[in-house]
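Chemist: Handing you a structure now.
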Amino acid sequence: MSDKVSPQKHQPHIRDLSLIWMRKIMTFIDLQDIDKDGVIGYNDLMLLADRFGKLVKSEKSKNEHIEIHRKRHKILNESSEGPMTFKKQILKYWQLMDDPAIVEQWQKESSGFFKILDSKGNGYLSFDDFIVYWRVLGMDTRFARMQFDYVNTNQDGLITEEEFVKARVEYFTNTDPNNQNQDPLSIEYFPYSFEISLKSCFKLDFRRSEFLTT
Ligand SMILES: [Ca+2]
Ligand SMILES: [Ca+2]
């Protein structure tokens, strides 16, 4: 992350991207692409805003949450020419992580998610709070504990806002290729455990895998 002016980041090619990072982002896109047209679009984000909105108590927080998703849409589509595609969206995420303002926005939206999940409003997520996030996103909750334990870095049984925000932003920004050497079953390693947990959602079809070999 220290090399902010890597030319590869300015004109990236899919084959140059960190493989572990790409797997994370592909998983993420597939998960949030509710209508399964290959990209996270406006409709998907509004559907997600609606799902998360059901957890919100006040109308004000509900509107704030819709705004988070509108901003997400704006960021994903800014300065993009032609229709968005799965490949373009992956490249977009790759470029976005080099923009400190975007990373700050990811921190802000992660705080927004945290506040929605914090059912008691006490600044902590219990495991029961955390699993709601998984249910809303339709993930296989059998693996939620692995991720909870990873995010809960001080192992005190509760996730703070700081822990949650850090882990969520790390998911988008950690490109460390050494991570590929980690045991995929290791609960120490968040992206892999996340990916395993999403295996049922991660249906990489031929159309999508095609471009990865070129
Ligand atoms: Ca979609
Ligand atoms: Ca903790």
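Chemist: Could you give each residue of segment 159-165 its phi-based ³J(HN,Hα) in whole Hz, using Karplus coefficients 6.51, -1.76, 1.60 with θ = phi - 60°, and x for Gly or Pro?
Modeler: 9, 8, 4, 4, 5, 5, 4
Chemist: Something else: Dipole of segment 54-114 (Lys/Arg Cβ +1, Asp/Glu Cβ -1, origin at the Cα centre): which of His73, Gln105, Asn63 lies farthest to the positive side?
Modeler: Towards the positive end, the residue furthest out is Asn63.
Values quoted throughout were computed directly from the atomic coordinates according to the rules given, and no laboratory measurement underlies them. Everything numeric in this text was worked out from a predicted model, so none of it was measured. Counting neighbours? That spans all protein chains shown, and the Cβs are built from the backbone with ideal geometry, glycine included.
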